[in-house]
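The values are calculated or read from the model by the stated rules, or taken from the named source; none is laboratory data. Quantities reported herein were computed from a predicted structural model and do not represent experimental measurements. As a convention, Cβ positions derive from the backbone with ideal geometry for all residues, glycine included, and neighbour counts pool all protein chains shown.
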Amino acid sequence: MSDAPMLEIRNVTRRFQGLTAVDGVTGHVAAHELVGLIGPNGAGKTTLFNLISGFIAPSEGEIRFEGRSLAGMRPHRIARLGIGRTFQNLRILPNMTVFDNVSIGALATFGHSAWQALMPGRRSRSGRISELTGDVLDQVRLSAQAGELAANLSYGRRKYLEIARALATRPKLLILDEPAAGLNESETAELGEFIRGLVRRGLTVLLVEHDMSLVMSICDRVIVLASGAKIADADPASVQRDPAVLDSYLGTRD
Amino acid sequence: MSAASVPERGDHPTLPPAFAKALLALILFVAVPATLSGIGGGYLYQIATTALIFVILAASLNLVTGTAGLLSLGHAGFYGIGAYVAALLSTRLGASFLVTLPAAGAVAGAIGTLVALPTMRLVSIYFAVATLGIGEMIYVTLLNWTDFTRGPMGIRSIPDIEMLGWEPHSPMQQYLVVASVAAVSLWVLSRLTHSYFGNALRAVREDDQCASAMGLNVVHLKIVAFGASCCFAGIAGALLAHTANFISPDQFQFGESINILAMVVVGGLGSLPGAVIGALLLVILPEALRSVGDFRMIAIGSIMFFSILLLPKGLLGEASALSLLRRQFGEAWSGRPGPPVGWR
């Protein structure tokens with residue numbers, strides 16, 4: 001167990017009717033590591049994310065989490081194993097309050113059955129859910145807005161709300177899908193500092209990102225995808241010098 | 001907002017819960033019977049009893065359609081199952097109300113759960129169509145299984161409510177029994193709605209993919225909500241059987257499902273008080289407008305039309321009916337690629 005990486009992706013391929021979105025990708029994320037996953041548009045980053053969190057199944061290959069195969073598991077089972085995720089296009093629940101949004105993440109741990117809703121003991125359970133929710137809200141500095149409807153938050157704060165909700169599931173591995181998309185430079189830097197802080201406190205993070213500067217400045221290791229295949233897997237400095245990466249990704253900037 | 005206290009849901013001003021409960025109980029058990037007896041009416045009691053039956057129906061449908069966001073078009077079918085279970089048990093086996101009432105709820109809930117198992121993986125409009133089909137199947141079964149249900153003739157002379165030898169003879173006593181059942185049903189439904197279970201259902205309604213990424217078993221939640229909702233529809237059916245003393249299949253047709261849905265929509269999807277008010281409105285208004293004859297149907301139609309047009313969230317709702325419908329139709333409505341339609 002101690003030697004096995006937290007997340008292991010073994011030769012995973014996913015085809016969509018003739019299109020191979022992810023093509024034989026192998027890689028891993030070790031515990032307490034912050035790994036960036038980058039690649040040009042259509043490189044298969046989000047597909048790989050959906051494969052890890054169980055929204056789609058691999059055509060070939062296998063994904064293992066803490067030594068356990070995720071094959072055939074539905075998304076909620078995978079989430080309960082300890083993989084929390086955010087979505088690329090924000091998926092907050094606008095008609096619910098900030099507090100309720102985040103507490104959704106805590107429900108799987110503390111129980112939310114119809115039976116429990118009718119039986120005594122809901123005070124103490126709801127106390128524990130509130131405690132965890134309040135804790136997470138403090139971390140993302142949204143405590144002051146706990147009672148507001150999520151729809152009233154600014155775009156930047158919604159990003160944190162989405163991360164907070166994933167944190168409330170008490171994940172071991174947090175996978176973030178383009179958290180910096182749509183943020184300005186200083187907001188991006190602040191977010192990077194926040195993610196780094198999560199890793200310092202023991203979380204493992206896999207980060208899909210478009211923003212190169214963010215990935216290069218905070219990640220321990222960077223995996224590069226192009227046309228569904230992995231073309232590099234190294235520390236940020238080496239990746240930036242890798243000719244294959246420059247060719248397929250960075251080269252497009254010129 | 002301190003972390004230890006759960007914020008009030010929604011943005012409506014609310015009374016302190018204990019006070020509100022006491023006030024509602026006072027209205028239900030004292031004010032209404034006093035008023036009705038004051039203006040002297042057996043007939044008025046009948047209307048009040050019917051209104052309470054529909055309050056249970058609307059409140060239970062609200063759990064599935066309002067809170068969990070599953071458009072169900074077959075609620076009257078489960079209402080019918082409850083009514084027939086109660087009617088058959090009491091006329092054929094002489095079972096008392098204390099047996100027929102829970103039995104009606106249990107059978108309707110069990111059938112609802114069984115039916116839900118295969119349909120819950122259907123998304124959006126396909127689920128609505130499936131429930132429509134189920135409702136019609138129940139109706140056709142009640143109509144054609146003549147040996148068992150007496151078919152279109154219906155079941156007559158269903159015994160009155162009877163509990164351990166006590167029979168409520170006056171309309172007021174009957175009303176009070178129905179009011180007690182309605183109060184307990186509403187209490188259970190309100191617990192289910194205003195709890196973390198309810199929040200999980202809301203998450204499913206707003207974004208089921210996101211809910212499952214948070215570790216919520218979406219299919220399981222939907223099945224439980226649907227089963228519970230059907231159970232209360234069955235209980236409402238039993239109340240109808242024992243208070244009207246006559247039931248027939250045409251009381252449980254598609255139109256009745258739509259009628260119940262209209263109550264939920266007018267009251268506001270997702271709001272329990274809304275469903276109650278919607279039910280009261282749509283039962284009492286047609287009676288109040290009886291003097292204008294056939295125009296009353298136009299008046300009721302207009303109320304529904306304008307409430308959707310002017311109050312998209314109904315009187316008190318959390319989600320707008322149009323946006324629910326829009327989601328049901330998925331990409332076909334918006335023209336942009338939405339969540340996959342069909343099986344999930």
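So in the stretch B:180-194, with the set limited to residues that are facing chain A (nearest Cβ under 7 Å) and within 21 Å of B:Ala22 (Cβ to Cβ), which one is nearest to the chain's Cα centre (by Cα)? Going through the qualifying residues, I end up with B:Val188.
Going residue by residue through the stretch A:74-88, is there one that turns out to be of a type in the set (A, V, I, L, M), assigned to a strand (DSSP E or B), within 18 Å of the chain's Cα centre (by Cα) and within 10 Å of chain B (Cβ to nearest Cβ)? Among the residues of the stretch A:74-88, at least one is of a type in the set (A, V, I, L, M), assigned to a strand (DSSP E or B), within 18 Å of the chain's Cα centre (by Cα) and within 10 Å of chain B (Cβ to nearest Cβ), which makes the answer yes.
Taking the stretch B:60-166 as the region of interest, the helices (runs of 4 or more DSSP H) fully inside it that hold 1 or more residues being touching a strand residue (DSSP E or B) at 6+ places or on another chain (Cβ under 6 Å) are B:75-92, B:97-119, B:124-144. Of all residues in the stretch A:8-40, those satisfying the criterion of being under 16 Å from the mean Cα position of the chain (by Cα) and over 17 Å from A:Val224 (Cβ atoms) are A:Glu8, A:Ala30, A:Ala31, A:His32. In contact (Cβ under 8 Å) with a residue 24 or more places away in the chain and closer than 26 Å to A:Thr13 by Cα: does that describe A:Met212? Taking the combined requirement at face value, the residue satisfies it.
Checked against (1) facing chain B (nearest Cβ under 7 Å); (2) of a type in the set (Val, Ile, Thr); (3) in a loop (DSSP other than H, G, I, E, B), A:Ile129 meets all criteria but (3). Restricted to the stretch A:136-254, the set of helices (runs of 4 or more DSSP H) holding at least 2 residues that are under 19 Å from A:Thr46 (Cβ atoms) and basic (Lys, Arg) comprises A:155-167.
When each of B:Ile235, B:Ile260, B:Ile298 is tested for being among the β-branched types (Val, Ile, Thr), more than 30 Å from A:Leu173 (Cα to Cα), more than 14 Å from every other protein chain (Cβ to nearest Cβ) and surrounded by fewer than 24 Cβ atoms within 10 Å (Cβ to Cβ), the lone residue that passes is B:Ile298. Exactly one residue out of A:Leu246, A:Leu214, A:Leu225 is at pLDDT below 85 and aliphatic (A, V, I, L, M): that is A:Leu246. Those residues that are of a type in the set (Ser, Thr, Tyr) and in contact (Cβ under 8 Å) with a residue 24 or more places away in the chain, I need them from the stretch B:70-121; list them, please. Correct list: B:Ser72, B:Tyr79, B:Tyr84, B:Ser90, B:Thr91, B:Ser96, B:Thr100, B:Thr113. For the stretch A:101-131, residues that are among the polar types (S, T, N, Q) and at pLDDT 80 or above total 3.
Considering only residues in the stretch A:74-97 that are modelled with pLDDT of 90 or more and among the aliphatic types (A, V, I, L, M), the one that is surrounded by the most Cβ atoms within 10 Å (Cβ to Cβ) turns out to be A:Ile83. Does A:Leu51 satisfy the criteria of being hydrophobic (A, V, I, L, M, F, W, C), modelled with pLDDT of 90 or more and either crowded, with 23+ Cβ neighbours inside 10 Å or over 30 Å from A:Ala150 (Cβ atoms) (or both)? Answer is yes for this residue.
For residues that are within 22 Å of the chain's Cα centre (by Cα) and among the hydrophobic types (A, V, I, L, M, F, W, C), scanning just the stretch A:102-122, find the one that is nearest to the other protein chains (Cβ to nearest Cβ).
A:Ala108
For the stretch A:143-194, what are the residues that are touching a Phe, Trp or Tyr at 6+ places or on another chain (Cβ under 6 Å) and more than 22 Å from A:Ile218 (Cα to Cα)? Matches in the stretch A:143-194: A:Ala146 only. Would you please name the residue that is farthest from the other protein chains (Cβ to nearest Cβ), looking only at residues in the stretch A:89-101 that are in a helix (DSSP H, G or I) and touching a Gly at 6+ places or on another chain (Cβ under 9 Å)? Among those residues, the one meeting the criterion is A:Val98.
Among the residues in the stretch A:126-145, are any over 29 Å from A:Ile52 (Cα atoms), crowded, with 18+ Cβ neighbours inside 10 Å and over 24 Å from the mean Cα position of the chain (by Cα)? Yes, the stretch A:126-145 contains a residue that is over 29 Å from A:Ile52 (Cα atoms), crowded, with 18+ Cβ neighbours inside 10 Å and over 24 Å from the mean Cα position of the chain (by Cα).
Among the criteria (1) buried (at least 24 other Cβ atoms within 10 Å of the Cβ); (2) more than 9 Å from chain A (Cβ to nearest Cβ), the one B:Ser212 does not fulfil is (2). Is it the case that some residue within the stretch B:164-180 is aromatic (Phe, Trp, Tyr), within 24 Å of B:Phe252 (Cβ to Cβ) and crowded, with 21+ Cβ neighbours inside 10 Å? Yes - at least one qualifying residue is present in the stretch B:164-180. For A:Leu48, the requirement of being of a type outside the set (Ser, Thr, Tyr) and under 19 Å from A:Lys230 (Cα atoms) is met.
Looking at the structure I just gave you, is B:Ala225 crowded, with 23+ Cβ neighbours inside 10 Å, at pLDDT 85 or above, at the interface with chain A (Cβ under 8 Å from one of its Cβ atoms) and in contact with a Lys or Arg (Cβ under 9 Å, 6 or more places away or on another chain)? No. From the list B:Gly77, B:Gly82, B:Gly109, the one residue that fits, being under 30 Å from B:Gly151 (Cβ atoms), within 14 Å of another protein chain (Cβ to nearest Cβ) and at pLDDT 90 or above, is B:Gly109.
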